[in-house]
1. Could you list, in sequence order, the residues of segment 11-45 that are more than 30 Å from P157 (Cα to Cα) and among the aliphatic types (A, V, I, L, M)?
2. From F56, F130, F51, which residue is among the aromatic types (F, W, Y), assigned to a strand (DSSP E or B), in contact (Cβ under 8 Å) with a residue 12 or more places away in the chain and over 22 Å from Y257 (Cα atoms)?
3. Can you find, within segment 4-21, the residue that is nearest to the chain's Cα centre (by Cα) among those that are charged (D, E, K, R), assigned to a strand (DSSP E or B) and under 19 Å from N58 (Cβ atoms)?
4. Residues in segment 146-166: is at least one more than 30 Å from D22 (Cβ to Cβ), free of Cβ contacts under 8 Å to residues at least 24 places away in the same chain and of a type outside the set (D, E, K, R)?
5. Taking segment 265-281 on its own, how many of its residues are more than 17 Å from V182 (Cβ to Cβ), at pLDDT 95 or above and touching a strand residue (DSSP E or B) at 6+ places or on another chain (Cβ under 9 Å)?
6. Looking only at segment 241-289, which residues are in contact with a Gly (Cβ under 9 Å, 6 or more places away or on another chain) and over 20 Å from P211 (Cα atoms)?
7. Looking at this structure, is D30 away from ligand 1 (no atom under 16 Å from the Cβ), of a type in the set (D, E) and open to solvent by 50 Å² or more (accessible area, probe 1.4 Å)?
8. Can you run down the residue pairs with Cβ atoms below 6 Å, 6 or more apart or on separate chains, where the first is in segment 290-313 and of a type in the set (S, T, Y) and the partner is modelled with pLDDT of 90 or more?
Amino acid sequence: MSERRRDPVSHEWRIFATGRQDRTYLPPTDECPLCPSVPGAAPTEIPWSAFSVAVFENRFPALTEGVTTPHRDGFFALAPAAGAAEVVVYSDQHDATLAALGRDRLRLLVDVWAERYAALAERPDVQYVFIFENRGEAVGVTLHHPHGQIYGYPEIPPAARRELEVARRHLGEHGTCVSCDVAARERSRGERVVVQSDCFLAYVPFAARFPYELHLAPYRHVTSLLHLTDAERDDLASILQRVLQAYDALFGFPLPYVMAVHQEPVADGDWRSISHLHFEFTPIHRSERRRKFLAGSEIGAGEFLNDVAPEDAARRLRTAVPAMGAR
Ligand SMILES: [Zn+2]
Ligand SMILES: [Zn+2]
Ligand SMILES: [Zn+2]
């Protein structure tokens, strides 16, 4: 079964991809499908013997290229699970971490992301390009090899749509982009800033959902990765590295997290003035040993409870950021 169904009460679309139940789950290192193919051994997903960054279509996709037209089953609306599902492998080294790969690799990754954003934007079945990474078994990773993913959704997904609706209202009321306003306020107040650079600010949001949640955004109103200048891409690679190093240093182990990139929808529409590129990192730990679980308030009511003051989280993360210049 591979389809999207719209919940008639919330009007949110949900993806059903039951074929994914059989996907490769935490294979031993010598059977890793994301390692390079070596002569004499069974081929992996990647035909080369060495590579820097590799992108390919997910073999167990949640979304596949095709028609997006919804149809009805009487009262209910459903649609093919159309769209894109790609895997982005960060390195040919099985045990590498993104932070340790260095700035040049991160810079290459920024270019690859921007390139895939542009390529998927051309597809008629893609309305929103979503770049993300699940890191660590704690957030459901099924392959340890360092990698992220890109989904091309056939519609703007709910979290992005909600943000865009608020941004549209803010623009109407104040004449400004809400994310530009947030970046400027956080920068001048400083208490929730984790690290800043010439073009980007990394901060714990004023009303963070997760204890060590962190947002990373450019000061300038840039709508997507594609619209970053070369200098801004360099700067992004460098601040991304510092954020990732801070996460690894915070508790002394690679902190599991979900990384989500929100940027301008590629759907027709007037999105430019309300789309402000940003990364959202949501680690699920609330301390070295304890994790935050989504429970009654979050799942049942959609209201997040957070046990750590964002200002305290920012202070702890700040002290975990390595000195500038460390590679
Ligand atoms: Zn591997
Ligand atoms: Zn903006
Ligand atoms: Zn966002």
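The values are calculated or read from the model by the stated rules, or taken from the named source; none is laboratory data. Computed from a prediction, not measured in an experiment: that's the story for all the values here. Using ideal geometry, Cβ is built from the backbone for each residue, glycine included, and neighbour counts are taken over all protein chains shown. These accessible areas exclude ligands, DNA and RNA; they are computed on the full protein's heavy atoms, side chains included. Shrake-Rupley method; radii C 1.70, N 1.55, O 1.52, S 1.80 Å.
1. V38, A41, A42
2. Every option except F56 fails the conditions.
3. It comes out as R14.
4. Yes, segment 146-166 contains at least one residue that is more than 30 Å from D22 (Cβ to Cβ), free of Cβ contacts under 8 Å to residues at least 24 places away in the same chain and of a type outside the set (D, E, K, R).
5. 2
6. Of everything in segment 241-289, those that are in contact with a Gly (Cβ under 9 Å, 6 or more places away or on another chain) and over 20 Å from P211 (Cα atoms) turn out to be Q241, V266.
7. Considered against the rule, which asks whether it is away from ligand 1 (no atom under 16 Å from the Cβ), of a type in the set (D, E) and open to solvent by 50 Å² or more (accessible area, probe 1.4 Å), D30 comes out as no.
8. From residues that are of a type in the set (S, T, Y), the pairs are S297/E303; S297/L305.
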